[in-house]
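Here is the structure we will look at, set down as structure tokens.
The values are calculated or read from the model by the stated rules, or taken from the named source; none is laboratory data. All of these numbers come straight from a predicted model, not from anything done at the bench. Virtual Cβ from ideal backbone geometry, glycine too; neighbours counted across all protein chains shown. Just so you know, the surface numbers come from the protein's heavy atoms only, side chains and all, with ligands and any DNA or RNA stripped out. Shrake-Rupley method; radii C 1.70, N 1.55, O 1.52, S 1.80 Å.
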Amino acid sequence: DRAEGELGTGGTTEERARLLDASARARLERGDPDGAEAKAEAALALAGPSGPDDLRSLLLGTLGSVAFLRGEHEAAEERLGAAVEAARRTERGDLVRSALSALAAVLARTGRWEESEAMERECLDEAERSRDLWGITASLANLAALQCGRGDYAAARSGLERALDIHRRLGSPFGQAQASVALGSCDEALGRWDEAEASYRLALDLLGGEGRPAIEARRALGNLLRKRGELDRAERSLFETLDAARGTGEAPLVASVLLPLALLERDRERLDEGRRHLDQVLETLSEGGDSDGLGRALVDSAALSFRMGEV
């Protein structure tokens, strides 16, 4: 913000537009999509249709990310598709990867798995070619998420183990924590609960309990405790995690915590409370367009309805 003031009179048009994009991305990171959109739109207007392709790709990518965060998937796909086209004209591999991976995330969210996976594999190939370790770990994590969505946990686990090893060599606690949570999810699905719990606890040790990744790790650990039958510990953990999730203002994150809480209420035979939580989850996922998450939540909702005698 201070730099914007200084460049407002003496900077070039391109410098000012790039700074506006940086400002937009900072706002996006702290959960301010409206502020991010305003900055990115101002930058796009400043750059104009004849602006450099690398700048236009960045700005369109930011606007696509804003739309994705809001659950506006059609708008996100349109913006990110244009960002990919602009990036390809620059022949900059890093820029193409960034836009392509963001677009792949939109397609995965709406169930277009094969298109999404093809894009992520292109990103991985480019990262391998340029020996970009950060790019490799990002692509491995994204591919693992797609493989988990298809139920291929063994394949996902292999890629995540490689990502975790690279993050260790890079000395990245945050990267290690993210890979550990994802690895724990695979082990949990494969019935390796001790290994899963160890991965979740490692992530929390690395993160110090702060931020969205820590919330995701605590949610996963709380749900695993529920599965183990440690309902009191699970309940305390999940309600604390719910408070933290609500503090972020991110409805999909809140819904992701409410889902295991609903299952916990079901396990405790507090079926009306479970139904209330599940209805909120279904509403959030329906509005956000997360077809995969919605499908899974509908299965849980149907099972709860059957249990309540609502055939």
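Assorted remarks:
- Tally, over region 24-45, of residues that are among the charged types (D, E, K, R) and over 21 Å from E14 (Cα atoms): 4
- Output for region 123-152, where each listed residue is farther than 17 Å from Y200 by Cα and either outside any helix (DSSP H, G or I) or open to solvent by 60 Å² or more (accessible area, probe 1.4 Å) (or both): D125, E128, R129, R131, D132, L133, W134, R150, G151, D152
- Filtered by the rule that a residue be open to solvent by less than 60 Å² (accessible area, probe 1.4 Å) and part of a helix (DSSP H, G or I), region 103-112 gives L103, A104, A105, V106, L107, A108.
- Here is the figure for region 281-311: residues that are over 11 Å from T110 (Cα atoms) and part of a helix (DSSP H, G or I) total 20.
- The set of residues in region 235-267 that are surrounded by 17 or more Cβ atoms within 10 Å (Cβ to Cβ), more than 12 Å from G222 (Cβ to Cβ) and β-branched (V, I, T) contains only V254.
- Each residue in region 162-187 was checked for being acidic (D, E) and touching a Ser or Thr at 6+ places or on another chain (Cβ under 9 Å), and 1 pass.
- Count - residues of region 274-292 that are at negative phi and touching a residue at least 24 places away in the same chain (Cβ under 8 Å): 12
- Against the numbered list (1) modelled with pLDDT under 95; (2) part of a helix (DSSP H, G or I); (3) of a type in the set (G, A, S), A163 comes up short only at (1).
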